[in-house]
Structures are given as C-alpha cells and as structure tokens.
Amino acid sequence: MNPRDLDLVIAAVHAVGPCPAGEEAAWTDQVRECAVSLYVLGDTVAQDIARLDAAKQFTATLLDVRVEATSTRGVLILRNTSGELEQPIRTDRGDSEAGRAMIERARALVGHRVRVYRLNERMASNAKLEVRIVVHLADYGLDTDPIHENAAKQNVLAAAEGDTAVAQHAWAEAGLLESGSVTVRQLADALARLPHANG
C-alpha cells in the first residue's frame, strides 16, 4: 500500500470511528466508502487549487448577478477600482454544483468589495474564443464609499449597453435623483432594474 492510500484509510477510520463488536463487515464497508469519498474530495480540491494558482486577481465592487438563460451561467457585474464596469465575468454553468454555489455566493456579496480570482477558459463550442470565468471571490466587506452621480450614470449606461432611454428609465425606477452622489446599494438597485438583468 502506498503512503497516500494508507493516509486515506487512517483518515477514514478516524472519521467512521471505532468498529462496534460484531459489525466488522459493515464497518469495513463504511471505512472503504469514506476513503473513496476522501480521495474524490482530494482530487476535487487539487483541481480547485490548480485553478486558483492559475487565476489572475483584482479587486472590485460586486453590483449585480444575472443568470444567462441559454448557458445557465451567472454573469457578475463588477465595478473596478477605476470606477468603470469590468467586462462581464461568468461563473461555471449553473447546472453544475460549483456553478450553483458560485452564483449563490456572488448574490450574497452584492454591494461588497471582493477580490476576484478569474481565469480565461476556452469555449467548448468555439475553441478560438475564451470566456472570463470567476473561480473564487474573497469578501472584503460592504463598499460604503459614495459614488459621484456622473460616474454612477455612466455605469448604468454601460450596463444598458449604451441605450440611454433604458438607462434613464432604470435610474428613475430606482428612485435616484438627478444630482448628488449615490451609494453602492442604490447603484446596484438601478442595475437590477435593467430589462435584461435576469437573463
């Protein structure tokens, strides 16, 4: 037995606990199942760490999370430290466990400053194209800095893909005034009112 397998068996024995008298066969099955689960978990964690090692990082404020109807991927709308919206960054597919978990984590962090770990991955449908994928979000807490109204309006316009009427409608629906700074929460609310905000 190689050292890794022995370590897995020992860890599984500790997780399952002592063998009850007369239940050796059932206990052995439990240890075997636990060892295999630990092996699979280790493989998954190794893949996650490899993605993190390869990821580029930047800090931004998370403003909105949309779900694409076609791909089921979450699309993160992020405002970078220069005050501009980042190019969209997507999660893994929402029909995967990792994708669902990242979408839920991102939704819980709307309005927060985050450290974004992202990779460029080739599209399965077209190997010549790459998609920006978020592999981890580190929470830096709520962003409480006020945003000048001109910068906020530019963010809404960018998210509305340059459609001034749509941007103005979302701004008004969010109840924002024409002048005066806005909060990150108010800006996020305006973005959420864009017609394509939910995919």
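All of the numbers you see were taken from the coordinates with simple rules; none came from a lab. No experiment lies behind these values; they were computed from the predicted model shown. In this analysis, Cβ positions are derived from the backbone assuming ideal geometry, glycine residues included, and neighbour counts consider all displayed protein chains.
Quick one: net charge of TYR39's neighbours, Cβ under 14 Å, K/R +1, D/E -1?
-2
Given the -39500 (n - 2.57) contribution per DSSP H run of 4+ residues, what per-residue ellipticity at 222 nm results for the chain, rounded to the nearest 500 deg cm²/dmol?
-14000 deg cm²/dmol
Which of LEU129, LEU52, LEU187 moves most in a GNM of the chain, Cα contacts under 10 Å?
Between LEU129, LEU52, LEU187, it is LEU129 that shows the largest mean-square fluctuation.
Count the net charge of all other residues whose Cβ sits under 9 Å from the Cβ of ARG73, scoring Lys and Arg as +1 and Asp and Glu as -1.
Taking every Cβ under 9 Å from that of ARG73, the sum is 0.
Once Rh for region 111-199 is found with the Kirkwood sum over Cα pairs, what is the Stokes-Einstein diffusion coefficient at 25 °C and 0.890 mPa s, in µm²/s?
166 µm²/s
If the elastic network links every pair of Cα atoms under 10 Å, which of GLY141, GLY17, GLY42 fluctuates the most in the Gaussian network model of the chain?
Top of the fluctuation ranking is GLY17.
Return the inverse of the average 1/r over all pairs of distinct C-alpha atoms in the chain, which is the Kirkwood hydrodynamic radius, in Å to one decimal.
19.5 Å
Counting Lys and Arg as +1 and Asp and Glu as -1, what is the net charge of the other residues whose Cβ lies under 12 Å from the Cβ of VAL166?
Surrounding charge for VAL166 is -2.
Would you mind telling me which residue in VAL65, VAL131, VAL40 has the biggest mean-square fluctuation in a Gaussian network model of the chain, where springs connect alpha carbons within a distance under 10 angstrom?
So, out of VAL65, VAL131, VAL40, the one fluctuating most is VAL40.
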